[in-house]
Amino acid sequence: MSAENRPLESSTPAGLGGLPRGRLPLAAFVFSLVTFQGLTINLMPLVVNVLAETFHVELKKDLGWLQTTFLTGGIFSLFVSGYITDYVRAARSGTFAVMTLAAGLLFLGCATTYRHTVIAFGLMGVGNSWILAAYSSVISEFFPDVRPRMFMWAAAAFAFCAAAGSYGVGFLLVRLANWQVIFVIMGAAFLIEWVLLFALAPKQLAVLGRRHRVSDLQASTRADSGSPWQSVVAYLYAGLFNRRALWVLGLLVVLDNLASGNSVTWTALLFREEYGIDEQQASMMLSAVALGYFFGRLFIGTFISGRFSDLAVLGVCYTGAIGTYGLLLVAPNYNIGVALFFLSGALMSAQAPMMYSIISAKFGPRAPIAIPLVDAIGILGSFMGPTIVGALADEAGGLRSVLWLIPASGAVFVSIVAAWWMLDRRA
């Protein structure tokens with residue numbers, strides 16, 4: 001068994017005096033955050049029509065500002081949330097994320113102008129992405145013996161809540177005359193659940209608010225730096241941006257976004273072009289890949305994670321994913337395409353949780369900072385991907401030939417993972 005996956009049976013967080021005997025409240029902290037994140041990740045496509053009707057918005061570019069603002073808030077969070085979580089600890093960071101997310105929901109529920117809804121989505125973008133730093137810090141620090149499985153199960157819960165939330169909100173939107181009450185209730189429910197969690201397990205969760213002992217890194221930067229400003233720069237930079245691993249992992253996220261992101265964006269449209277499927281059949285394809293992510297993570301987390309190295313699981317699963325997607329591009333009919341899309345999603349689902357586990361192992365106490373930073377680098381490096389693919393498809397006269405860029409990006413991803421795995425084996 002590799003060092004990165006060896007159980008740490010006696011792991012004790014520095015300065016905390018030992019792990020609590022029962023970790024169920026800590027797990028509840030993690031899965032509460034993941035639930036909130038999943039339920040709110042896909043709100044913009046669901047509410048765009050009712051917002052246009054309610055506030056008389058006619059231009060699609062104006063509606064597009066909702067998602068742009070949501071993503072902008074998310075990118076901001078990914079860059080700063082890890083550092084702040086490291087300083088204020090997970091309990092305060094998670095509380096900030098939940099309060100910001102709930103504030104966005106309540107603002108949306110009480111909005112009287114379209115501008116208010118843009119502000120609401122900005123707040124939700126900040127809170128939604130901030131959650132990653134808070135829960136990843138808890139998994140990295142308090143679940144070292146089951147770290148890969150916890151990341152996988154958390155990602156599975158996220159996928160399930162994203163699917164359930166999309167269906168539930170969509171169901172209510174067409175049945176309630178006052179659509180805004182949905183988001184008022186959601187925001188209030190998030191706050192109530194969060195307060196109850198800390199009220200029911202105050203002692204067990206108190207460990208999430210205690211400050212670290214001064215780490216070796218912080219001590220060395222204080223000793224070596226000539227000024228407070230130099231200490232701050234060293235803290236922001238040392239052990240992160242000066243490590244090749246951060247940039248390699250960021251490149252892997254770029255490649256994954258180009259592969260998985262474009263597959264979700266364009267595959268249903270490809271089948272409309274090739275087989276003339278209708279809107280309901282297109283939604284079935286998107287449901288199939290979402291269910292693939294959920295069941296794939298559930299299966300991998302239960303039966304595979306922890307038994308093999310994280311890099312091996314990541315490489316093998318991604319190889320299967322791009323091979324399956326290649327078969328989808330030559331699928332003879334819609335039904336086979338749906339089955340292959342489900343399988344591709346199930347195999348590709350290993351990417352995010354395995355990457356988080358690898359970062360946790362490689363960066364140690366700096367992992368809660370590195371995890372959102374890697375995602376931020378990946379988003380910045382790939383957010384123009386769908387636009388580029390669309391432009392190439394316009395030039396080529398169709399999507400099929402252009403979408404071979406998806407397995408091509410995946411092949412580069414697998415090559416890097418395989419090379420890294422072999423270097424680790426030699427070391």
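The values are calculated or read from the model by the stated rules, or taken from the named source; none is laboratory data. Computed from a predicted structure; not experimentally measured. Cβ: placed from backbone, ideal geometry, glycine included. Neighbour counts: every protein chain shown. To get the accessible areas, we keep the full protein, side chains included, count just its heavy atoms, and leave off ligands, DNA and RNA. Shrake-Rupley method; radii C 1.70, N 1.55, O 1.52, S 1.80 Å.
Using only the C-alpha atoms of the stretch 329-427, find the volume of their convex hull and express it per residue in Å³.
Working: hull volume 12.4 nm³, N = 99.
In the stretch 329-427, the Cα convex hull volume per residue is 125 Å³.
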Would you mind computing the Rg to Rh ratio of the stretch 89-216 from its alpha-carbon coordinates, Kirkwood style for Rh? 1.03
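What value, in deg cm²/dmol to 500, does the helix sum -39500 (n - 2.57) over DSSP H runs of n ≥ 4 give at 222 nm once divided by the residues of the chain?
Details: 19 runs with 329 residues, N = 427.
Calculated from helices alone, the mean residue ellipticity at 222 nm is -26000 deg cm²/dmol.
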For the stretch 86-127, diffusion coefficient by Stokes-Einstein and Kirkwood Rh (Cα), 10 °C, 1.306 mPa s, µm²/s: 150 µm²/s
Net charge (Lys, Arg +1; Asp, Glu -1) of residues whose beta-carbon lies under 12 Å from that of residue 86, residue 86 excluded, is +3
Write down the accessible area per residue of the stretch 74-122 in Å², having rolled a 1.4 Å probe over the full set of protein chains. 39 Å²
Carbon and sulfur together cover what percent of the accessible area of the chain at a 1.4 Å probe radius? 66 percent
Which whole-number value in Å³ per residue fits the convex hull of the alpha carbons of the stretch 25-171? 102 Å³
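Leaving out ligands and nucleic acids, and using a 1.4 Å probe, what accessible area per residue does the stretch 259-338 come to in Å²?
Working: 3480 Å² over 80 residues.
That works out to 44 Å² per residue.
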Take the eigenvalues of the Cα gyration tensor for the chain, scale each by 5, and report the square roots as semi-axes in whole Å, largest first. 34, 28, 20
What is the diffusion coefficient of the stretch 269-392 in µm²/s, taking the Kirkwood radius over Cα pairs and the Stokes-Einstein relation at 4 °C with a viscosity of 1.567 mPa s? 80 µm²/s
